[in-house]
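Report on the structure given below.
Derivation of every value follows stated rules applied to the coordinates shown; laboratory data play no part. This one's a predicted model, so the numbers in the text were calculated from it and none came from an experiment. Backbone-built Cβ (ideal geometry, glycine too); neighbour counts: all protein chains shown.
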Amino acid sequence: MQPTIPRAVTTVHASADLMPASPMNPFSGIGLALAGLLLVAAALLPAGAARAADAQALYVQSLAATCANCHGTQGKAVKDAVLPGLAGMKPEYLTEQMQAFRNGTRQATIMHQIAKGYNDEQLKLLADYFASQK
C-alpha cells in the first residue's frame, strides 16, 4: 500500500520543480529546497551536540549519585566524615582503587560489591567526574 502524500506538499514540490533558475534566483526548485534543508540541518547541529553532551553529563551524574550516600554529593564529603571525599582526587588513583575493590585485591565492607557493578568505561567516567569536582 502506497502512503498518501498530502496535497499541499505535492503542490509545493510541483511548483518548486517548475521554478526556473535565473540571475535573480540562482537556485532552481530542488536546489532551493536542498539549500533550505541544509540551513535547517546546520542550525540543528549545535543543538544536537549540546543535547548529546547534556545526556552524557546526566548519565555520569547518575552513576556518581550512587556514591553520594557514603562519599558526599559530587564526592564532597562533609566535615569530619569517616569515609573520604572523592572530589579532586586523581582519576588514575580512583580507577586503580575501584579496580582493586572489584577484583578483590583491596578489602572493604561494601565497596567490593559496589565496584563489581561497574565496567571499565563506567569506572573511567566516574574517576574523571570526581577528579573534575573541586
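Excluding residues fewer than 8 places away in the same chain, name every one of the aspartates and glutamates whose C-alpha is closer than 19 Å to that of Lys134.
In chain and number order, the partners are Asp80, Glu92.
Could you give me the percent of Cα pairs per 10 Å distance bin for region 53-114, shortest bin first, beginning at zero and ending with the bin that holds the maximum distance?
21, 48, 29, 3
Using a 7 Å offset from Cα along Cα-Cβ at Lys134, what residues in region 69-91 end up with backbone N under 19 Å from the label point?
Under cut-off, by backbone N: 73-77, 85-91.
How far apart, in nm, are the 7 Å Cα→Cβ label points at Thr73 and Glu96?
My value for the distance between the label points is 3.2 nm.
Hey, fewest Cβ within 10 Å first, where do Thr105, Thr66 land in order? Write down the numbers at each step before the final one.
Details: Thr105 9, Thr66 13.
The order, fewest Cβ neighbours first, is Thr105, Thr66.
Taking only the C-alpha atoms, wrap a convex hull around region 86-134 and report its volume per residue in Å³ as a whole number. Intermediate values should be presented prior to the final figure.
Numbers: hull volume 3.0 nm³, N = 49.
Measuring per residue, one finds 62 Å³ for the Cα hull of region 86-134.
So if I place +1 on the C-beta of Lys and Arg and -1 on the C-beta of Asp and Glu, and nothing else carries charge, what would the dipole magnitude of region 42-122 be about its Cα centre? I want it in debye, nearest 20. Can you show the working numbers first?
Numbers: 7 positive and 6 negative charges, 32 e Å.
With Lys and Arg at +1 and Asp and Glu at -1, about 160 debye.
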